[in-house]
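Reading through the structure tokens given below for one structure.
The values are calculated or read from the model by the stated rules, or taken from the named source; none is laboratory data. Just so we're clear, the structure is a prediction, and the values are computed from it rather than from any experiment. All Cβ positions, even for glycine, are placed from backbone atoms using ideal geometry, and neighbour counts span all protein chains on display. All accessible areas refer to the heavy atoms of the entire protein, side chains included, with ligands and DNA or RNA removed. Shrake-Rupley method; radii C 1.70, N 1.55, O 1.52, S 1.80 Å.
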Amino acid sequence: LADAVRADRIDVLVDLSGHSGISRLGVFARQPARVQVAWLGYLHSTGLTRIQYRICDRHSDPEGSADRLHTETLVRLPESQWCYRPLVGTAAPGPRAGEFTFGSFNQVAKITRTSRRLWAEILRRRPQARMVLLGIPDGAAREDLLRDFREGGVDASRLDIAPHLPVADYLRRLGEVDVALDTTPYSGGTTTCDCLWMGVPVVTLAGERSASRSAASILQTAGLGSWIAHTPEQYVAIAQGAGREPGPLAALRATLRERLRASPLMDEARFVRDLEDIYRRLAYS
């Protein structure tokens with residue numbers, strides 16, 4: 001692959017997986033392109049000095065504090081590193097009724113004990129609320145989840161735990177939730193956009209590192225900064241207070257899809273122009 005990149009005289013080679021998924025960092029270590037860039041798929045430094053740049057945004061990687069954590073030079077897109085297009089066409093959900101429902105839709109590996117303890121605290125303070133958790137396989141993952149909620153004072157009867165679902169069913173279940181709770185310290189990305197698309201605001205706890213700020217980046221870009229917490233106590237307080245007055249939450253839910261459409265997160269043409277501008281600047285630097 002490195003020989004093919006050299007033969008094709010690639011100007012800018014972009015890595016999309018880093019240390020996750022099927023890693024191809026061995027190719028980048030061979031320096032087959034003069035300019036090598038990391039973007040999107042792995043939200044932290046690769047640690048390779050032969051990848052000179054990482055593309056991000058000012059919300060996911062604030063200037064100064066984030067730069068010192070990278071071997072790469074950070075290059076920030078002017079709006080967001082995210083560009084969202086829904087996987088399937090789905091009608092916007094109508095008004096919610098029934099019990100107040102929190103939800104989690106992140107990958108099961110992101111549901112740390114820290115996340116579960118915070119969620120149990122939130123449910124303990126909202127004794128009439130319940131929680132939906134999707135993407136949880138049977139076996140140890142489910143049992144660990146139930147154990148931690150039980151130890152946190154939350155009965156299993158208040159939890160609706162389901163495995164992975166087809167995309168259309170997954171989006172439909174999102175529409176049955178009032179507020180989504182992001183995971184910590186590894187935050188959500190696509191699932192955060194999916195929630196907003198289906199009219200569900202997301203509470204996130206932004207940390208110092210890129211991987212804990214992905215949802216915060218999306219929420220800031222969508223104009224939803226008040227849903228971003230900076231301490232565990234603030235995270236619980238935001239979630240605990242959500243929907244206490246149903247009118248404001250219902251009004252927000254009704255506008256979230258159009259808010260997302262009007263934001264840079266779904267302006268595909270603008271996003272591509274900004275990304276191409278970065279590639280040109282790096283190629284001729």
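Report, in whole Å, the centroid distance computed from the Cα atoms of the stretch 1-30 and the stretch 86-103.
Taking the Cα centre of the stretch 86-103 as reference, the centre of the stretch 1-30 is 40 Å away.
Give the calculated FRET efficiency between A251 and T71 to the nearest 0.05, with a Förster radius of 45 Å applied to their Cβ-Cβ distance.
That gives a FRET efficiency of 0.50.
Among rounded, prolate and oblate, which fits the stretch 1-131 when a ≥ b ≥ c are the square roots of the eigenvalues of its C-alpha gyration tensor, a/c under 1.5 means rounded, and a/b larger than b/c means prolate?
It is prolate, given that a/c is not under 1.5 and a/b is the larger ratio.
Along each of the three principal axes of the Cα atoms of the chain, give the extent in whole Å, ordering the values from largest to smallest.
So the extents along the principal axes, rounded to whole Å, are 62, 40, 37.
Can you give the helix-only mean residue ellipticity at 222 nm for the chain, where every DSSP H stretch with n ≥ 4 adds -39500 (n - 2.57) and the sum goes over all residues, rounded to the nearest 500 deg cm²/dmol?
It lands at -10500 deg cm²/dmol.
So, with +1 on the Cβ of K and R and -1 on the Cβ of D and E, and no other charges, what is the size of the charge dipole of the stretch 180-285 about its Cα centre, to the nearest 20 debye? Kindly include the intermediate steps, with their values, before the conclusion.
Numbers: 11 positive and 11 negative charges, 25 e Å.
The calculated dipole for the stretch 180-285 is roughly 120 debye.
In the stretch 20-37, whose amide N lies under 19 Å from the spot 7 Å out along Cα-to-Cβ of R50? List them in ranges.
20, 22-37
Note down the relative contact order for the chain as a percent, whole number, built from C-alpha pairs under 8 angstrom at least six residues apart.
RCO, the chain: 18 percent.
What number, in percent, do you get for the relative contact order of the stretch 74-201 if the mean sequence gap of Cα pairs under 8 Å and at least 6 apart is divided by its residue count?
36
Only Lys, Arg, Asp and Glu count, each charged at its Cβ (+1, +1, -1, -1), so figure out the dipole size of the stretch 95-245 about its Cα centre, rounded to 20 debye.
Charge dipole, the stretch 95-245, about its Cα centre: 160 debye, nearest 20.
Using θ = phi - 60° and the Karplus relation 6.51 cos²θ - 1.76 cosθ + 1.60, list the HN-Hα couplings for the stretch 4-18 in order, rounded to whole Hz, with x at every Gly or Pro.
5, 5, 4, 5, 7, 6, 5, 7, 10, 9, 10, 9, 10, 10, x
Excluding G26 itself, calculate the net charge of residues whose Cβ lies under 14 Å from the Cβ of G26, where each Lys or Arg counts +1 and each Asp or Glu counts -1. Please list the in-between numbers first.
Values: positive: R24, R30, R50; negative: D3, D15.
The answer is +1.
Filter the GluC sites (Glu not before Pro) in the stretch 13-90 down to the DSSP loop ones having no more than 15 other Cβ atoms within 10 Å, then list what survives. Walk me through the numbers before you get to the answer.
Details: sites: E63, E72, E79; in loops: E63, E72, E79.
Within the stretch 13-90, the qualifying GluC sites (Glu not before Pro) (loop, at most 15 other Cβ atoms within 10 Å) are E63.
Can you sort D144, D274, D3, D182 by solvent-accessible area, 1.4 Å probe, largest first?
I get D3, D144, D274, D182, largest accessible area first.
Rg/Rh for the stretch 156-235 to two decimals, with Rh computed the Kirkwood way over all alpha-carbon pairs. Please list the in-between numbers first.
Working: Rg = 12.9 Å, Rh = 13.2 Å.
Result: Rg/Rh = 0.98.
Kindly rank 227-238, 194-205 from highest to lowest mean number of other beta carbons found within 10 Å of each residue.
Averaged packing, sorted descending, gives the order 194-205, 227-238.
Using alpha carbons only, how many angstrom separate the centre of the stretch 219-285 from the centre of the stretch 151-181?
Each part reduced to its Cα centre gives a spacing of 22 Å.
Would you mind calculating the relative contact order of the stretch 51-103 from Cα pairs under 8 angstrom and at least 6 residues apart, reporting the percent as a whole number?
Numbers: 39 pairs, mean separation 19.6, N = 53.
This gives 37 percent for the stretch 51-103.
For a label point 7 angstrom out from the Cα of T190 toward its Cβ, which stretches of the stretch 96-111 have the backbone nitrogen within less than 11 Å?
The answer is 107.
Within 11 Å, Cβ to Cβ, of V236, how many net charges do the neighbouring residues add up to if Lys/Arg are +1 and Asp/Glu are -1?
After counting each charged neighbour, the total is +2.
Taking +1 at the Cβ of each Lys and Arg and -1 at the Cβ of each Asp and Glu, which of L118, I136, N106 sits farthest along the dipole of the stretch 101-142 towards its positive end, judged by Cα position relative to the Cα centre?
Result: L118, furthest along the dipole toward the positive end.
Hey, got a sec? Which chymotrypsin sites (Phe, Trp or Tyr not before Pro) in the stretch 1-98 land in a DSSP loop and have at most 14 other Cβ atoms within 10 Å?
Passing sites in the stretch 1-98 do not exist.
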